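Notes follow the structure.
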Amino acid sequence: MFSNVIKLMVQYHQPLLKGVGITILLSVFVVFFGLVFGTVVAFMKMSNFSIGKFKPLNAIATAYIEVLRGTPLLLQLYFFYFLMPALIPALGDEKISITVALIINSSAYVAEIVRSGIMAVDPGQAEAARCLGLSQSQTMTKIIIPQAVKNILPAMGNELVMMVKESSLASTFYLGEIMSQQKIIGGATYLQIETLIISAILYLILTASLSKLVGIYERRLAVSD
């Protein structure tokens, strides 16, 4: 079995490397736009805008987060794959549909990361900023967010690690990432166990490397504090 693993890695190194590249690009792309949309959702959830006693932005953001975090990612992928192209023809391409689904799912988790990072900043600093005459927007951009970033970035690194693993679900739709290549190579060689072992090795290398980088960054933050 071990010899077959080595032979497959050598013989199919090009599609395997392609799968690694697509996995990395997909994960970074998804987490980046997940951060963009998640930040919007986080501010919606923290919004004090109200109509009477009802806070519509908070309610929408809360429902958004609960639905996406409370349902399986694979179910969401199927939902976007089958239903969204009918509703929005622009999402007819399966790669676009699945990528959008991953972004939306990620944004729900990132929203809580961003909100928690902002809430972790000492409230006394916001009060001090207001005493100095800073507006709410100035307080947020100049005082709160720069400090919140230190809380948010390590968690975003962990979100990237999670997305590398969760991107394997995209193999159901053959997006070309690691598990898609595993299915193709395994089907061509009838060596399913060996190709699964190779996939596990590649995922371990990626996640271990990213986790190491996140750990280094966290230690540097601890020293700077």
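Just so you know, all these numbers are worked out from the coordinates, no wet-lab data involved. Note that the structure is predicted; figures quoted are calculated from it, not measured. Methodologically, a virtual Cβ is constructed for each residue, glycine included, from the backbone with ideal geometry; neighbour enumeration extends over all protein chains shown.
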If the cut-off is 28 Å between C-alpha atoms, which lysines fall inside it for LYS7, apart from same-chain ones fewer than 8 positions away?
LYS18, LYS165, LYS183
Between ILE88 and LYS142, what is the label-point separation in nm under the 7 Å Cα-to-beta-carbon projection?
3.7
Name the residue from GLN136, TYR203, LEU213 whose Cα lies farthest towards the positive end of the charge dipole of the chain, charges +1 on Cβ of Lys and Arg and -1 on Cβ of Asp and Glu.
GLN136
Unit charges on C-beta of K, R, D, E only; dipole of segment 1-110, Debye
200
Length gained, ILE193-LEU17, 0.36 nm per residue minus C-alpha separation, equals 61.5 nm
Taking R0 as 45 Å, what FRET efficiency do you get between ALA200 and PHE49 from their Cβ-Cβ distance, rounded to the nearest 0.05?
0.40
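If you put +1 on each Lys and Arg Cβ and -1 on each Asp and Glu Cβ, how big is the dipole of the chain around its Cα centre, in Debye rounded to 20?
Result for the chain is approximately 240 debye, rounded to the nearest 20.
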Starting from the Cα of LEU74, move 7 Å in the Cα-to-Cβ direction to define the label point; list residues of segment 143-175 whose amide nitrogen is under 16 Å from there.
165-175
Potential lengthening between GLU112 and VAL67 on full extension [0.36 nm per residue; Cα-Cα distance subtracted]
14.9 nm
Semi-axes of the chain from the Cα gyration tensor (sqrt of 5 times each eigenvalue, largest first, whole Å) come to 40, 23, 11
Using θ = phi - 60° and Karplus 6.51 cos²θ - 1.76 cosθ + 1.60, couplings along segment 99-112 (whole Hz; Gly, Pro as x):
5, 4, 4, 5, 4, 5, 4, 4, 4, 5, 6, 5, 4, 6
Which residues make up the longest stretch of the chain that has no chymotrypsin sites (Phe, Trp or Tyr not before Pro) in a DSSP loop with at most 13 other Cβ atoms within 10 Å?
50-189
What does the extension gain come out to for ALA126 and LEU153, with contour length at 0.36 nm per residue minus their alpha carbon separation?
7.6 nm
Note to self, the chain gives a 222 nm [θ] from helices alone (DSSP H runs n ≥ 4, -39500 (n - 2.57) apiece, / all residues, nearest 500) of -26500 deg cm²/dmol
As I understand it, the dipole of the chain uses +1 on the Cβ of Lys and Arg and -1 on the Cβ of Asp and Glu, about the Cα centre. Which of MET119, PHE79, PRO89 lies farthest toward its positive end?
MET119
Cβ-based net charge around SER199, under 15 Å, with every Lys or Arg adding one and every Asp or Glu removing one
0
